[in-house]
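Below: one structure, written as structure tokens.
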């Protein structure tokens with residue numbers, strides 16, 4: 001039986017396993033975790049909250065097959081690379097965030113953006129909000145550049161019509 005060298009750089013079996021896991025979870029391999037294990041949210045979870053941002057985030061996770069394992073690894077990398085945390089602190093932080101996401105009925109705009117864009121790496125190209133006024137009329141407001149340009153053009157045309165009538 002071969003005895004390992006005293007200064008091989010690996011202090012325990014756990015360290016060896018962690019090193020192997022990090023090697024296996026290269027950037028290419030992280031995407032493979034999307035369908036591994038329990039999903040972060042199910043379709044039924046979408047409708048258990050009334051907060052629009054929480055519901056939207058859950059829907060994003062369901063439609064993109066985000067598993068807990070995938071989210072945890074993405075958050076670990078975000079914590080270490082962006083937030084500058086030590087790996088141990090990143091592990092505790094990501095566990096707390098998964099619990100918060102699963103148990104919380106509300107999601108702040110800041111957390112929604114952090115989890116969607118910085119952690120999961122999704123890009124928000126458009127944002128639309130349906131707003132109901134006191135007369136129960138619903139109007140959609142969108143951040144889409146084409147929609148904004150169209151709205152501004154319509155507003156300018158309406159203003160010109162009012163000016164010609166006066």
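The values are calculated or read from the model by the stated rules, or taken from the named source; none is laboratory data. Since we're looking at a predicted model, the values are computed, not measured. Note that we place each Cβ from the backbone using ideal geometry, even for glycine, and neighbour counts take in every protein chain shown.
Observations on the model:
- Residue check, residue 74 touching a residue at least 24 places away in the same chain (Cβ under 8 Å) and either closer than 20 Å to residue 32 by Cα or in contact with a strand residue (DSSP E or B) (Cβ under 9 Å, 6 or more places away or on another chain) (or both): yes
- Any hit, segment 55-65, residues being within 19 Å of the chain's Cα centre (by Cα) and either exposed (fewer than 12 other Cβ atoms within 10 Å of the Cβ) or modelled with pLDDT under 65 (or both): yes
- Pairs with Cβ under 8 Å, 6+ apart, first in segment 31-44 and not assigned by TED's automatic domain parsing to the domain that holds residue 99, second modelled with pLDDT of 90 or more and part of a helix (DSSP H, G or I): none
- Matching residues in segment 108-166 - criterion: being part of a helix (DSSP H, G or I), surrounded by 12 or more Cβ atoms within 10 Å (Cβ to Cβ) and at pLDDT 70 or above: 111, 112, 113, 114, 115, 116, 117, 118, 119
- Residue selection: residue 99 satisfies the criterion of being more than 11 Å from the chain's Cα centre (by Cα), free of Cβ contacts under 8 Å to residues at least 12 places away in the same chain, under 30 Å from residue 14 (Cα atoms) and in a helix (DSSP H, G or I).
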